[in-house]
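Here's the structure we're looking at; comments come further down.
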Amino acid sequence: MRGLQEYLWNRDARVVTYADDSYVILEADTMQELIAKSELCLKDHDDFLEKLGMKMNESVTKVIVFNKNYQKIKLRFGKEEIESGKTIKVLGILFSYNLWWTSHVEKVVKKSASILNRVRFIRQSLNKEQTLKALTSYLYSALFYGSAVWLGPVTSRSEDWKLLNRVHYQALRIAMRDFQQEVPRKQLDTLGRRATPWQWGYYTTASTAANILRNREPSLLFDLICGNMTTNRRRPAFFDTSRRKIGR
C-alpha cells in the first residue's frame, strides 16, 4: 500500500495501512461534505489499487461516522451502495461510533468466557503456578489485547470495569480453586500476583502520557499535560507493574 497517502493527498485524507489492510480517515464540517469526500476517496482508492493489479472488495469495505450521536450514511461505490455501521473492527479492536469501548469490552469478555471454561477443565491436571501461566498466555493476552488504545480511567465506563473485573477474578478463583468464592478479592490479588484491570488501565494511561511528553506530540496534548503539571506542582502518581504480570 506504499504510495496510497500521496495518491489521496488532494482529498485531505489520512491513510493508515497494515499489510493488505488500509484505513482512510476523513474530516468534514457537514454530513453532505463528508459523503462527497468519501465517495471521491473510494473512487480514487479503487483507481490506485487497479494500477497495482488489485481491486477493492465491496463486501468487506466498511464505513463508520465518529460522532456523539449515531448517524447513518450511504455511499455510492460503482453499482454498489455501502452503508455505515455503529462499529468497525480495526486490527482486532472494535471501534464504536461514539468512541466508547463497551462493544469491544463485551466482545473480549465473551471470548474470555470460552477460554475460562477450557482452563477450568484442565485445572485438575495443573498446579497453581501452571494455571496462572496458562491464564496469562491464553486469557489475559486476549482480554487486554490492544489495551493501550481502549483501556484507561478516562476512556472506559464503570460498566466496562465491572465486566473486566469479573473475568479477572473468575480467572484467579480458578487458579486458587476457590470455586465457592470464599477468598476476598484483595487476598486473590496478593496470591495471584496479577495486576487488576484498574491498575493496568492506569499503567497504559501513564505510558501514553510518558510517550507524549517524550516525543512532544501530539502538541496539543503535550501542552495540556505540561500545563497541568505546572499548575498542580506535584509529581504524577504511577503504579509500578514491575512485580505484576499481565498478558506477557
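Derived from the Cα gyration tensor, the three semi-axes of the equivalent ellipsoid of the range 100-232 are 33, 15, 13 Å, largest first.
For L191, neighbours were defined as the other residues whose beta-carbon sits under 12 Å from its Cβ, and their charges (Lys and Arg +1, Asp and Glu -1) total +4. The charge dipole of the chain, taken about its Cα centre with unit charges on the Cβ of Lys, Arg, Asp and Glu (plus for the first two, minus for the last two), comes to roughly 1660 debye. Remark: relative contact order (the range 4-90) = 21 percent; criterion is Cα-Cα distance under 8 angstrom and separation of 6 or more residues. Here is the size of the range 4-90 from its Cα atoms: Rg then Dmax, 12.6, 39 Å.
Seen against the Cα atoms of the chain and their longest principal axis, helix 219-232 is set at about 40 degrees.
What angle do you read, to the nearest 10 degrees and between 0 and 90, between the alpha-carbon axis of helix 158-175 and the longest principal axis of the chain? Computed tilt is about 40 degrees. Please determine, in degrees from 0 to 90 and to the nearest 10, the orientation of helix 197-215 with respect to the longest principal axis defined by the Cα atoms of the chain, where the helix direction is its Cα long axis. Approximately 50 degrees, to the nearest ten. Under 23 Å from the Cα of K51, which lysines turn up, not counting those fewer than eight places away in the same chain? The reachable lysines, counting only those whose Cα sits under 23 Å from K51, are K37, K43, K62, K79.
Comparing the chain with the 2.2 N^0.38 Å rule of thumb, its C-alpha radius of gyration ratio is 1.24 (two decimals). Taking a ≥ b ≥ c as the square roots of the eigenvalues of the Cα gyration tensor, the range 121-173 is classed as prolate, since a/c reaches at least 1.5 and a/b is larger than b/c.
Annotation note: chymotrypsin sites (Phe, Trp or Tyr not before Pro) in the range 114-186 located in DSSP loop regions with a Cβ neighbour count of at most 15 within 10 Å are F179. Of all aspartates and glutamates in the structure, the ones whose alpha carbon falls short of 13 Å from that of K72, not counting any fewer than 8 places away in one chain, are E81, E83.
Each of the GluC sites (Glu not before Pro) that DSSP puts in a loop and that has at most 13 other Cβ atoms within 10 Å breaks the chain; the longest unbroken stretch is 28-181. Taking θ as phi - 60° and the Karplus parameters 6.51, -1.76 and 1.60, the scalar couplings of the range 111-128 work out to 5, 5, 4, 5, 5, 4, 4, 5, 5, 4, 5, 8, 4, 5, 9, 10, 8, 4 Hz in sequence order, x denoting glycine and proline.
Laboratory data are not the source of any read-out in this text; all were calculated from the coordinates shown. Predicted model only: the values in this text are computed from it and were never measured. For neighbour counting, all protein chains shown are included, and Cβ atoms are generated from backbone atoms with ideal geometry for every residue, glycine included.
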